[in-house]
1. Scan region 70-86 for residues that are surrounded by 10 or more Cβ atoms within 10 Å (Cβ to Cβ) and either part of a strand (DSSP E or B) or aliphatic (A, V, I, L, M) (or both) and report the count.
2. For region 3-18, what are the residues that are part of a strand (DSSP E or B) and either surrounded by 12 or more Cβ atoms within 10 Å (Cβ to Cβ) or among the hydrophobic types (A, V, I, L, M, F, W, C) (or both)?
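Laboratory data are not the source of any read-out in this text; all were calculated from the coordinates shown. Everything quoted here is computed from the prediction, not taken from an experiment. Counting neighbours? That spans all protein chains shown, and the Cβs are built from the backbone with ideal geometry, glycine included.
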Amino acid sequence: MKALKHLYLHFQDGQRLIMRFPQQSEDPVAIARGIRKQLDSPFLSIEVNGDLLLIPRESIKYLQISPAPSPAALPEPTIVGAVLVD
């Protein structure tokens, strides 16, 4: 069974959307390539329950993937080991 990931989308208007999905690949290079393609696209494209969601990138404030991909799959340059401080 593939590991589950969670995607938290935080929108400019304050709304939030949470999705769960299986890990898309075991290959860190393929994961990095997929992340880069999504970041370069004007839309975030996600298949959900047989439907295709195309979310305009300009409406997204930030997104969070949990747990993070392996360090080898992270976009360059990514700061690793950070901790949120209240």
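1. Start the filter on region 70-86 by keeping residues that are surrounded by 10 or more Cβ atoms within 10 Å (Cβ to Cβ), which leaves 70-75, 78.
Of the ones still in play, those that are also either part of a strand (DSSP E or B) or aliphatic (A, V, I, L, M) (or both) are 72-74.
Adding up the residues that qualify gives 3.
2. From region 3-18, those part of a strand (DSSP E or B) are 4-11, 16-18; that's our starting set.
The answer is LEU4, LYS5, HIS6, LEU7, TYR8, LEU9, HIS10, PHE11, LEU17, ILE18.
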